[in-house]
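Reading through the structure tokens given below for one structure.
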Amino acid sequence: MKKTTTIVFSFLFIGLGVFSQNSIVKLNEEKTQKQTVTTDVLPVVVFDSIHFAKSSEMLDEELYWSLIAHSLKDNLPQEDREIVLANEIEKLSPKEIIGFRLRTDKLLYDTYTSNLWCAAFLMNDGTTDASSFDYFRCWLISQGKETFYNAVANPDSLVSQLKEGQTNYEFEGFWFVAMNAFLSKTNHEIYAYIDYDTFVTNDENYPLINFTWSVDEPKTMEKICPVLFKKLWKK
């Protein structure tokens, strides 16, 4: 009887050991699965508008121009380019998006010149108001680094950008791509997070232009942009 009892307890002990071992293995498997699932979930980036410091830092220039180049590669209509560019900018951090806006402001500031206004006047069928000139320079930036700097050095080089039948060379939507991307990413307006006390090269501080050309003296325009003048001046 004692022997039989010993055998029964032995089987029970072994059974309990196997059950416990299986339970531990199962728990370890479940734990591993939970860890795997957890590591697969990307952390959510939350924009902290309370502690986010205002920025005056422009986006790296090469990164800036690479985003412009990306929007140009498929030769899309302007409206579609605006969407593509805004989507690419939205992938940046909030500070970098501000940097894109500030880099744009700096380029607009640097091109607020008499000679480029002459080119804008000729290319936009005689439009002379300040808003049109702003949107012309937005268009110029949107054409890429090489076109931009060639035009800064010689506005007449823009003859290479003329298209048959086109009388408007403006890109108003380019002015807003960073603002829209920032709003979409953070649900906040971009201007509240720009340090304008430090960053002063913006449209509020454009210098006074000493115009070297006049509509009343067409020869003055021809002197600045001889090729554009020859192709476009109709009066």
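If I filter the range 76-97 down to residues being under 22 Å from ASP195 (Cα atoms) and more than 9 Å from the chain's Cα centre (by Cα), which single residue comes out as most open to solvent (accessible area, probe 1.4 Å)? Ranking the candidates gives LYS95 first. One residue stands out among those in the range 66-75 that are surrounded by fewer than 17 Cβ atoms within 10 Å (Cβ to Cβ) and modelled with pLDDT of 95 or more: the one that is farthest from the chain's Cα centre (by Cα), which is LEU72. Looking at GLU172, GLU164, just one residue is in contact (Cβ under 8 Å) with a residue 12 or more places away in the chain, open to solvent by 60 Å² or more (accessible area, probe 1.4 Å) and over 19 Å from ALA53 (Cβ atoms), and that residue is GLU172.
Of all the numbered requirements in (1) assigned to a helix (DSSP H, G or I); (2) farther than 20 Å from PHE182 by Cβ; (3) of a type in the set (A, V, I, L, M, F, W, C), LEU76 misses one, and that requirement is (1). With respect to the conditions (1) at pLDDT 95 or above; (2) more than 14 Å from LEU108 (Cα to Cα), SER142 lacks only one, and its number is (2). Checking GLU204, GLU222, GLU217 one by one, the residue that is open to solvent by 50 Å² or more (accessible area, probe 1.4 Å) and either under 17 Å from THR104 (Cα atoms) or of a type in the set (Lys, Arg) (or both) is GLU204 and no other.
Among the residues here, ILE50 qualifies as part of a loop (DSSP other than H, G, I, E, B), open to solvent by 40 Å² or more (accessible area, probe 1.4 Å) and over 18 Å from TYR169 (Cβ atoms). Hey, could you check the range 98-127 for residues that are aromatic (Phe, Trp, Tyr) and assigned to a helix (DSSP H, G or I) and say which is most open to solvent (accessible area, probe 1.4 Å)? Checking each candidate, the answer is TYR109. Identify, please: which residue in the range 128-159 is over 26 Å from the mean Cα position of the chain (by Cα) and without any contact (Cβ under 8 Å) to a residue 40 or more places away in the chain and is, among those, surrounded by the most Cβ atoms within 10 Å (Cβ to Cβ)? So, considering only residues that are over 26 Å from the mean Cα position of the chain (by Cα) and without any contact (Cβ under 8 Å) to a residue 40 or more places away in the chain, the one surrounded by the most Cβ atoms within 10 Å (Cβ to Cβ) is SER157. Quick check on THR147: is it out of contact with any strand residue (DSSP E or B) (no Cβ under 9 Å at 6 or more places or on another chain), of a type in the set (S, T, N, Q), under 19 Å from CYS225 (Cβ atoms) and at pLDDT below 95? When the stated conditions are applied, THR147 does not pass them. Taken over the range 47-92, the criterion of being among the basic types (Lys, Arg) and more than 16 Å from CYS138 (Cβ to Cβ) is satisfied by LYS54, LYS73, LYS91. Could you list, in sequence order, all residues of the range 163-191 that are assigned to a loop (DSSP other than H, G, I, E, B) and either under 12 Å from the mean Cα position of the chain (by Cα) or over 20 Å from SER114 (Cα atoms) (or both)? Within the range 163-191, LYS163, GLU164, GLY165, GLN166, THR167, ASN187, HIS188, GLU189 meet the criteria.
The values are calculated or read from the model by the stated rules, or taken from the named source; none is laboratory data. Just so we're clear, the structure is a prediction, and the values are computed from it rather than from any experiment. All Cβ positions, even for glycine, are placed from backbone atoms using ideal geometry, and neighbour counts span all protein chains on display. Each accessible area value is taken on the protein alone, full model and side chains, heavy atoms only, with ligands, DNA and RNA left out. Shrake-Rupley method; radii C 1.70, N 1.55, O 1.52, S 1.80 Å.
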